[in-house]
Amino acid sequence: MKYKRVLLKLSGEALAGDKKTGFDEETCLKVARQVKELTDNGVEVGIVIGGGNFWRGRSSNTIDRTKADQIGMLATVMNCIYVSEIFRFVGMKTNVLTPFECGSMTKLYSKDRANKYFSKGMVVFFAGGTGHPYFSTDTATVLRAIEIEADIILLAKSIDGVYDSDPKVNPSAKKYDEVSIQEVLDKKLGVVDLSATIMALENKMPMLVFGLNEENSIVNTMNGKNTGTIVTV
């Protein structure tokens with residue numbers, strides 16, 4: 001496998017499967033077994049999970065945005081604790097880090113602590129976003145990937161790559177095999193949100209975008225059999 005350390009971003013909705021909310025255990029087990037294959041081959045894996053299977057803060061007009069985002073951060077903590085336990089069930093060692101104290105449920109994030117866990121062969125979950133409102137889990141993903149010096153970000157989505165327009169709306173939307181991060185920015189392709197895109201551009205952090213629900217998609221992507229889109233720097 002050509003990458004030594006990767007950051008895998010999982011969408012909350014993708015983990016919910018057809019149920020759309022909560023967790024679909026079978027989907028989570030499939031992800032866990034694939035990640036185990038990576039760690040068995042010596043790849044260090046960090047994970048960020050979105051919170052969309054529980055909460056979409058930006059769609060609420062009735063409560064304060066800061067509070068809405070805090071609820072979203074806690075949704076990601078729940079997701080990481082759950083998926084971490086599924087990973088342990090299939091035989092991996094894990095730890096969940098948050099940028100704020102969560103009692104004894106998680107450990108406080110630092111780069112040194114993350115590196116220590118990686119050196120022990122653990123999968124490290126980065127929960128709680130950046131710890132601040134107005135930043136999405138996209139931004140948290142790119143931030144953590146840069147901090148831990150990941151080789152690449154793996155974006156596992158419910159859609160199988162980057163298109164020139166929304167394939168759900170436009171049936172003749174064209175999929176890119178490869179696209180530069182500058183093009184993503186210029187054409188507003190929405191791979192990750194704007195602040196995350198600019199951060200990836202400035203820090204030269206490449207991404208692989210692929211469909212989580214395709215058979216063995218994480219392992220195939222890591223082995224160079226990518227059917228999604230590579231976002232180059």
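Pairs from the list Lys111/Lys175; Lys4/Lys225; Lys20/Lys116; Lys168/Lys188 with a Cα-Cα gap above 24 Å: Lys111/Lys175; Lys20/Lys116. Once a ≥ b ≥ c are taken as the square roots of the eigenvalues of the Cα gyration tensor of the chain, is the result rounded (a/c under 1.5), prolate (a/b larger than b/c) or oblate (a/b not larger than b/c)? Rounded, because the longest to shortest axis ratio a/c is under 1.5.
Rounded, prolate or oblate: which one fits the range 14-110, using the alpha carbon gyration tensor with axes a ≥ b ≥ c (rounded when a/c is under 1.5, else prolate when a/b beats b/c, else oblate)? Since a/c reaches 1.5 but b/c is at least a/b, the shape of the range 14-110 is classed as oblate. Under the combined filter of DSSP loop state and at most 12 neighbouring Cβ atoms within 10 Å, the range 125-175 retains these chymotrypsin sites (Phe, Trp or Tyr not before Pro): Tyr134. 3J(HN,Hα) along the range 183-192: 5, 4, 5, 4, 8, 6, 7, x, 5, 10 Hz, from the Karplus curve 6.51 cos²θ - 1.76 cosθ + 1.60 with θ = phi - 60°, whole Hz, x for Gly and Pro. When the Gaussian network model of the chain links Cα atoms closer than 10 Å, the mean-square fluctuations of Asn115, Asn61, Asn220 top out at Asn61.
Distance between the modelled labels on Asn203 and Lys107, one decimal in nanometres: 2.0 nm (7 Å Cα→Cβ projection).
When the trypsin sites (Lys or Arg not before Pro) in the range 131-183 are filtered for DSSP coil states and for at most 14 other beta-carbon atoms within 10 Å of their beta-carbon, the remaining sites are Lys168, Lys174. Length gained on full extension, Ile81 to Asp186: 34.1 nm, using 0.36 nm per residue less the C-alpha separation. Assuming a ≥ b ≥ c are the square roots of the Cα gyration tensor eigenvalues, decide whether the range 138-233 counts as rounded (a/c under 1.5), prolate (otherwise, with a/b larger than b/c) or oblate. Oblate shape, in that a/c is at least 1.5 and b/c is the bigger or equal ratio.
Remark: the Leu29-Glu214 segment gains 65.2 nm on full extension, using 0.36 nm per residue and subtracting the alpha carbon distance.
No lab work stands behind these numbers, since they all come straight from the coordinates. Predicted model, so just to flag it, every value in this text is computed and none were measured. Neighbour counts are summed over all protein chains in view; Cβ atoms, including those assigned to glycine, are modelled from backbone coordinates with ideal geometry.
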